[in-house]
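As structure tokens, the structure follows; a few thoughts come after it.
The values are calculated or read from the model by the stated rules, or taken from the named source; none is laboratory data. Everything numeric in this text was worked out from a predicted model, so none of it was measured. Cβ atoms come from the backbone with ideal geometry, glycine included; neighbour counts cover every protein chain shown.
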Amino acid sequence: MDHSAKAHLVFSRIPGIRRYLSMIPSLRQFNTSEVAQKRLEIIQFMNKHGEVATKEAFGADRKVIGRWRQWRFRAELAWGR
């Protein structure tokens, strides 16, 4: 049995694995988009200047930025970074 067949046996048992595997190409493409770059800029601004200044400068709420961070974290896990 080759390696890909063994991997299929192992990973096919994980619930929802197909959904995550189908998301990986989309996440890779999104990483280079203008929207993703702007969101990263806003996250970095918030880390440096705080929540109030970020809301004034960009109008982005803390909860929205938290969601962006979570998506970024998941994308990094999917890419293995």
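When you look at S12, is it over 25 Å from F58 (Cα atoms) and either under 15 Å from the mean Cα position of the chain (by Cα) or modelled with pLDDT under 65 (or both), yes or no? Here the answer is no, as S12 does not meet what is asked. Helices (runs of 4 or more DSSP H) fully within region 16-81 that include at least 3 residues being under 12 Å from the mean Cα position of the chain (by Cα) and at pLDDT 75 or above: 34-49, 62-79.
Listed here are the residues, each with its yes/no results for (1) touching a Gly at 6+ places or on another chain (Cβ under 9 Å); (2) among the charged types (D, E, K, R); (3) surrounded by 16 or more Cβ atoms within 10 Å (Cβ to Cβ).
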{"position": "I42", "(1), (2), (3)": "no, no, yes"}
{"position": "K48", "(1), (2), (3)": "no, yes, no"}
{"position": "W68", "(1), (2), (3)": "no, no, yes"}
{"position": "W71", "(1), (2), (3)": "no, no, no"}
